[in-house]
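Some notes on the structure that comes next.
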Amino acid sequence: MPLNAPQPDDIGRRRRFEWLLVAAALFFLLLALRLWYLQVISGERYDLQSQKNRTRYLPIAAPRGIIYDRNGEILVGNRPSFTLSVLRQDVVDRDRLLSDLAQDLDLDREFLEQAWENQRYYPRYRPIPLKRDISREQVERLAENGLHRPGMLIEVQPTRAYPHGELAAHLFGYIGAISEEELRQPANHGYRAGDYIGKNGVEKNLEQYLRGQDGERLVEVDVQGEKLRQRVQQPPLPGKRAYLTLDLALQQQTERAFGDQSGAAVALDVHSGAILAMVSRPAFSPALFTDGISSRDWQTLLNDPDHPLQARAISGQYPPGSTFKMVTALAALHDHVTRTGEVIDCEGRIALGNRDFRCWKKTGHGPTNLKKALRESCDVWFYEIALRVGIDRIAGMARQLGLGRHYDLPLDNERDGLIPDKEWKRRRHNTPWYPGETAIAGIGQGYVLATPLQLAVMTATVANGGTLYRPQLIERIEEISGNVLLQRQPAILHTATFDKEDLLALRQGLEAVVDDPRGTGKACRLPGIRVAGKTGTAQVVRMKDDPAEGEDPTEKEEIAYRLRDHALFVAYAPADKPEIAVAVIVEHGQHGSSAAAPIARAMFEQYFDLPATTAPLPGSE
């Protein structure tokens with residue numbers, strides 16, 4: 001073997017070195033390929049992920065559109081409020097966070113846990129509100145420890161504000177967090193969990209206009225999720241402005257006039273159908289619903305025997321009582337079954353078959369014509385006339401004057417009332433119509449039912465000479481820029497043709513109701529302005545759930561109240577050139593003259609800017 005020949009050990013070491021070089025080259029080649037893949041092929045994706053790790057896109061709630069009255073006075077607005085929220089993806093220790101927050105807010109931890117659980121369906125990137133409308137003192141306590149609570153947010157959000165409390169609560173309605181069921185409805189496409197939506201009344205029916213468009217802000221955070229800085233990406237767009245036909249001052253005066261009484265009142269512009277006031281009493285506070293009504297408050301409202309949630313002005317159906325005598329009189333005059341001067345002797349009752357139909361005045365009114373029958377509300381005169389006219393013609397006149405109609409207001413639960421006729425009874429009860437039922441219907445009792453809104457429409461139609469206008473609540477909808485999106489015009493539904501002499505005779509009788517010392521509505525008399533009106537009393541049927549004789553005697557006073565007659569009054573003014581028509585019903589008020597007419601007077605005083613007066617002694621009905 002030559003001396004310089006490679007030794008076996010050297011050959012082995014060289015081969016091992018060569019393999020190491022190949023392995024190192026392969027390693028660096030794979031490393032280079034990986035870096036190339038991460039930086040070139042997937043660079044954009046990982047850059048976006050890194051951005052997400054240090055930024056948060058948070059929504060900015062848009063304020064709802066403001067609701068104004070006809071004069072530009074704010075009826076429903078917004079106010080800023082503080083909301084405690086959490087961003088779940090940043091929360092490190094959920095249990096400790098909830099315990100600390102409960103202590104700072106002086107709340108049961110269960111309340112916060114329930115709020116968290118109720119909103120588990122929120123997207124994780126959206127903050128979930130745990131407590132809305134917290135006080136400044138609570139904000140300060142929370143802020144002191146904010147750096148040590150990753151995921152906690154204190155947001156300033158617009159909250160619905162009702163500056164007039166319960167005023168027109170049934171009309172405005174209320175808002176609340178959208179439910180899962182509502183989210184599934186096609187009409188609510190675009191809403192997200194946690195959004196607020198109109199639940200009732202104008203808030204619900206004008207939702208498409210009142211709802212704004214949420215904005216978005218970009219927030220930079222550190223690795224612990226603490227906010228470093230923020231900037232607005234997209235500002236929110238407020239909802240549209242809604243102008244109603246209501247007159248705030250008139251609405252306030254009407255509600256004050258009711259006091260603690262239950263009932264309803266409506267005021268209309270007789271030449272357009274614009275609703276100037278609409279009151280249902282008792283009422284509730286819409287603010288209770290804004291941030292989620294508690295179970296206790298909800299049960300209190302539901303179990304209240306006075307039913308404060310009922311919108312009596314449009315859903316309360318009452319016998320119209322003697323206010324319906326206007327219908328019977330016009331039907332008789334229109335079909336020439338009586339003359340304006342015809343005299344009927346009222347002896348306090350009439351006999352029909354084996355039954356006596358009594359007048360409210362037991363001794364009778366004596367010789368009575370149309371004017372006296374209206375002025376003193378003689379039942380016998382109208383019994384006689386109703387029997388001549390017949391129920392079908394009475395029903396036809398009632399519909400011409402706006403009773404028994406649905407007006408499609410932007411409100412919920414509007415009822416149609418009931419104007420019966422022979423065909424209705426055959427379909428409903430499969431029995432014939434009897435003459436005694438005609439006599440009772442002629443004075444607004446029996447099957448006849450009407451809402452306060454319908455009674456106001458009837459009165460306005462008589463006042464303007466026969467033009468039936470659709471009641472209107474929305475005057476216009478505007479964008480923030482002032483651009484008008486919707487402008488309502490008076491809508492005529494029907495025009496009745498009345499003989500001028502017949503209409504004059506009816507109006508003279510209605511004026512005598514208020515102006516004549518013997519009139520039943522003199523409590524509505526005004527200085528310098530002539531008022532025409534009609535009182536009414538609606539009988540209340542004994543309820544089947546009333547305590548029976550022999551039960552707890554402490555309930556007798558309440559039973560007696562619930563069985564008292566309802567009091568009604570309808571009127572328009574000025575009598576010679578009508579502008580406004582009103583309808584008032586006071587539940588269990590007994591007499592329209594003493595309970596309902598003074599409320600109508602207060603409404604007229606406000607409308608005509610008159611000083612408040614003292615009501616005269618009540619009349620008989």
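The values are calculated or read from the model by the stated rules, or taken from the named source; none is laboratory data. Since the model is a prediction, treat every value here as computed from it, not as a measurement. No Cβ is skipped: glycine too gets one built from the backbone with ideal geometry, and neighbour counts run over all protein chains shown.
Cβ-Cβ contacts under 6 Å between residues 6 or more apart (or on different chains), taken from a first residue in the stretch 240-255 that is more than 14 Å from Arg601 (Cα to Cα) and modelled with pLDDT of 95 or more to a second residue that is outside any helix (DSSP H, G or I) and of a type in the set (Phe, Trp, Tyr), are listed as Tyr243/Tyr68.
Yes or no: the stretch 382-401 includes at least one residue that is more than 32 Å from the chain's Cα centre (by Cα) and not in a helix (DSSP H, G or I).
Within the stretch 382-401, the subset more than 32 Å from the chain's Cα centre (by Cα) is 382-394.
Within this subset, residues satisfying the condition of being not in a helix (DSSP H, G or I) are 390.
So far as the stretch 382-401 goes, yes, one or more of its residues are more than 32 Å from the chain's Cα centre (by Cα) and not in a helix (DSSP H, G or I).
Residue-wise test of (1) surrounded by fewer than 19 Cβ atoms within 10 Å (Cβ to Cβ); (2) within 27 Å of the chain's Cα centre (by Cα); (3) polar (S, T, N, Q).
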{"site": "Pro129", "(1), (2), (3)": "no, yes, no"}
{"site": "Glu140", "(1), (2), (3)": "yes, no, no"}
{"site": "His148", "(1), (2), (3)": "yes, no, no"}
{"site": "Arg160", "(1), (2), (3)": "no, yes, no"}
{"site": "Glu166", "(1), (2), (3)": "yes, yes, no"}
{"site": "Leu171", "(1), (2), (3)": "no, yes, no"}
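Do we have any residue at all in the stretch 183-204 that's over 21 Å from Glu478 (Cα atoms), in contact (Cβ under 8 Å) with a residue 60 or more places away in the chain and of a type in the set (A, V, I, L, M, F, W, C)? Looking through the stretch 183-204, at least one residue is over 21 Å from Glu478 (Cα atoms), in contact (Cβ under 8 Å) with a residue 60 or more places away in the chain and of a type in the set (A, V, I, L, M, F, W, C).
Of all residues in the stretch 425-441, how many are closer than 21 Å to Gly321 by Cβ and either outside the structural domain of Arg393 (by TED's automatic domain parsing) or of a type in the set (Val, Ile, Thr) (or both)?
Going through the stretch 425-441, the residues closer than 21 Å to Gly321 by Cβ turn out to be 425, 433-441.
The next check asks that each one be either outside the structural domain of Arg393 (by TED's automatic domain parsing) or of a type in the set (Val, Ile, Thr) (or both); those that pass are 438, 440.
Going through the stretch 425-441 one residue at a time, the tally reaches 2.
Are there strands (runs of 3 or more DSSP E) fully within the stretch 446-492 with at least 2 residues that are within 19 Å of Val202 (Cβ to Cβ)? List them. Break it down stepwise before answering.
Details: elements: 467-469, 474-478, 484-487.
In the stretch 446-492, 474-478, 484-487 are the strands (runs of 3 or more DSSP E) which contain 2 or more residues that are within 19 Å of Val202 (Cβ to Cβ).
With respect to the conditions (1) charged (D, E, K, R); (2) modelled with pLDDT of 85 or more; (3) closer than 30 Å to Gly212 by Cα, Arg96 falls short on a single one, namely (3).
Condition check ((1) of a type in the set (A, V, I, L, M, F, W, C); (2) surrounded by fewer than 18 Cβ atoms within 10 Å (Cβ to Cβ)) across all residues:
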residue: Gly402; (1), (2): no, no
residue: His406; (1), (2): no, yes
residue: Ala441; (1), (2): yes, no
residue: Ala450; (1), (2): yes, no
residue: Leu455; (1), (2): yes, no
residue: Thr459; (1), (2): no, no
residue: Val462; (1), (2): yes, no
residue: Arg476; (1), (2): no, yes
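Hey, among the residues in the stretch 82-96 that are of a type in the set (A, V, I, L, M, F, W, C), part of a loop (DSSP other than H, G, I, E, B) and under 15 Å from His148 (Cβ atoms), which one's farthest from the chain's Cα centre (by Cα)? Let's see the steps before the verdict.
Initial filter on the stretch 82-96 (of a type in the set (A, V, I, L, M, F, W, C)): 82, 84, 86-87, 91-92.
Okay, now just the ones that are also part of a loop (DSSP other than H, G, I, E, B), so 87, 91-92.
This time we only want the ones that are under 15 Å from His148 (Cβ atoms), so: 91-92.
Numbers: Val91: 40, Val92: 44 Å.
For the stretch 82-96, the residue satisfying everything is Val92.
In the stretch 340-390, which residue that is over 23 Å from Glu511 (Cα atoms), in contact (Cβ under 8 Å) with a residue 24 or more places away in the chain and among the hydrophobic types (A, V, I, L, M, F, W, C) is surrounded by the fewest Cβ atoms within 10 Å (Cβ to Cβ)? Step by step, filter the stretch 340-390, then rank; the result is Leu352.
Taking the conditions (1) buried (at least 17 other Cβ atoms within 10 Å of the Cβ); (2) modelled with pLDDT of 85 or more in turn, Ile74 satisfies each one other than (1). Residue pairs whose Cβ atoms lie under 6 Å apart, sitting 6 or more positions apart in sequence or on different chains, and linking a residue in the stretch 492-507 that is touching a residue at least 24 places away in the same chain (Cβ under 8 Å) to a partner that is among the β-branched types (Val, Ile, Thr) and assigned to a loop (DSSP other than H, G, I, E, B), are Ala505/Thr340.
Within the stretch 246-288, being closer than 19 Å to Tyr68 by Cα and in a helix (DSSP H, G or I) holds for Leu248, Ala249, Leu250, Gln251, Gln252, Gln253, Thr254, Glu255, Ala287.
Being under 17 Å from Met603 (Cα atoms), within 34 Å of the chain's Cα centre (by Cα) and either at pLDDT below 90 or in the same structural domain as Gln454 (by TED's automatic domain parsing) (or both) holds for only one residue in Gly528, Gly536, Gly521, Gly589, and it is Gly521.
The condition (being of a type outside the set (A, V, I, L, M), touching an Asp or Glu at 6+ places or on another chain (Cβ under 8 Å) and on the phi > 0 side of the Ramachandran plot) is satisfied by just one residue among Gly364, Gly402, Gly348: Gly364.
Residues checked against (1) among the hydroxyl-bearing types (Ser, Thr, Tyr); (2) out of contact with any Lys or Arg (no Cβ under 8 Å at 6 or more places or on another chain); (3) modelled with pLDDT under 95:
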| position | (1), (2), (3) |
| --- | --- |
| Thr368 | yes, yes, yes |
| Ile385 | no, yes, no |
| Ile391 | no, no, no |
| Arg399 | no, no, no |
| Gly404 | no, yes, no |
| Asp412 | no, no, yes |
| Arg415 | no, yes, no |
| Ile419 | no, no, no |
| Ala441 | no, yes, no |
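Please determine whether any residue of the stretch 354-376 is part of a helix (DSSP H, G or I), within 35 Å of the chain's Cα centre (by Cα) and either in the same structural domain as Glu587 (by TED's automatic domain parsing) or among the acidic types (Asp, Glu) (or both). Checking the stretch 354-376: not a single residue is part of a helix (DSSP H, G or I), within 35 Å of the chain's Cα centre (by Cα) and either in the same structural domain as Glu587 (by TED's automatic domain parsing) or among the acidic types (Asp, Glu) (or both).
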